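Each value in this text was obtained by applying a stated rule to the coordinates, not by laboratory testing. In this text the structure is predicted, and so the values were computed from the model without any measurement. No Cβ is skipped: glycine too gets one built from the backbone with ideal geometry, and neighbour counts run over all protein chains shown.
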Amino acid sequence: MLRKWLGVLCVLLLSSSLKAMTDQDLLRYLRGTIVPIKDRGSLIQSFSKKDQSYIYDQALAIIAFSHSGEFDNARALLQGLKSLQLSDGSLYFSYYLNGKSPYPEAGDRRYAGAIAWVALAAATFQNTFASGEFVSFNQKILTYLSEQMRYAKYQGKSFAALTFAPSNLSYTTWNENEVAALEHNLDAYAAFSAFQKLNPDPTWQQRVDELENFISVMWDPSRQHFWSGFNFQDKSINKDEYYLDNQSWSFLTIPPKLLTTFSSDALVRNCKWLLTEFEGKKGFFDGRPTNRQAEHKFIWSEGTAGQLLAMKRAKLTSCGESSTKNLEADLKMLKNPDGGIAYATTSKNPDFTTLSSVAGTAWTYFLLKDFNPFRPSSRMTDD
């Protein structure tokens, strides 16, 4: 009996601790992931126990630190990225914590979406601190991204979009240079929009307009959700897969004046198709085939936080039988003893580790602060 009551007490204490978790706790973890590179700024450790810094995670940390007013930390991380920028303005997908990269030896992995997040982070820094220090760095990134855009027409509508990567990777079953992912182009749309608002120029506005056309092409009015991407080779939309972020990130990225063009039914569909339960907690997994159930399900912290943030924007307070308040509480239960948010619950997918992650922690911070990282500038809230 004593053991039983001690167990109950431990659960209650844990629950109380999680409820008390604050944005400052999350920032404290993020500060602990910063690793200086000698004379070259800093990188972040994307996952605990792993010697890897993904530029997407670095960008998230910069945005979080900028939002919290931590100039030195945000600047050091941007300096780290600037020191790694290639001559054409691009960056590799990830680096070791000493600044070296497994690429291009392991393939030319310069993914458009991750690079666009770096541009968005630099624009966030510029806006927050009224600093022009990284404007040139950002211009080089956006110029590179502009050069990677391809033009096409679908059902009479012209658009331009970024391909997944600049060259095909031999170890995958598809051609990265022939496919445009909606997710990556949402990232680019946010980056070009933010930079254009801060540094007006017709060139950047043209990119915003072209990407806006692509986003609208990806919307299926009959099904009321976004599809995942476009194949330039056969001029087709991928309708075999359905992904969480394509719905949630769309609703975070699209400006208010265009939100009414689309339907929040896409977020509701996420609740129907991608909400799962694991060890008494509920949350969202990443995606599934369109015409059959997912082979395995797990809770993904980054994606769950993004979905809940999008639901806040759409003023949705329930997800099926679950309230968004309860789902937020369950997300907090993914906190690890080191203070970081686990990237996911146990999964058969090797890309989703249970280790503490910058991505899961940063996105949970954005959710707690009700801050939309895609639209960081006060100049972008009412357009």
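Miscellaneous remarks
- Filter on LYS197/LYS335; LYS38/LYS369; LYS82/LYS282; LYS197/LYS332; LYS157/LYS257; LYS82/LYS312 - keep pairs with C-alpha separation over 30 Å: LYS197/LYS335; LYS38/LYS369; LYS82/LYS282; LYS197/LYS332; LYS82/LYS312
- Projected onto its three principal axes, the C-alpha set of segment 157-238 covers 40, 34, 18 Å, listed from the longest axis down.
- Restricting segment 193-282 to trypsin sites (Lys or Arg not before Pro) that sit in a DSSP loop and have at most 15 other Cβ atoms within 10 Å of their own Cβ leaves ARG223, LYS235, LYS239.
- Debye, to nearest 20: dipole size of the chain, +1 on Lys, Arg Cβ, -1 on Asp, Glu Cβ: 820
- Lys/Arg +1, Asp/Glu -1 at C-beta; segment 134-210 dipole; positive extreme among ASN185, THR172, PHE159: PHE159
- Pairwise FRET efficiency - LEU86 versus ARG28, Cβ, R0 = 35 Å, nearest 0.05: 0.60
- Segment 267-383: C-alpha gyration tensor shape, a/c 1.5 cut-off, then a/b vs b/c: oblate
- Where labels lie 7 Å past Cα in the beta-carbon direction, separation of ILE237 and ASP338 in nm: 4.2
- Dipole of the chain computed with +1 at Lys/Arg Cβ and -1 at Asp/Glu Cβ about the Cα centre; of ALA112, PRO102, PHE125, farthest Cα towards the positive end is PHE125.
- Förster radius 35 Å - calculated FRET efficiency between GLU295 and LYS49, Cβ distance, rounded to 0.05: 0.85
- For the chain: span of alpha carbons on each principal axis (Å, largest first): 70, 54, 44
- Whole-angstrom gap from segment 157-217 to segment 56-93, using each part's C-alpha centre: 20
- Only helical runs count toward this figure. For the chain, summing -39,500 (n - 2.57) over DSSP H runs of n ≥ 4 and dividing by all residues gives -14500 deg cm²/dmol at 222 nm.
- A Förster distance of 25 Å, applied to the separation of the beta-carbon atoms of ARG223 and SER318, puts the FRET efficiency at 0.70.
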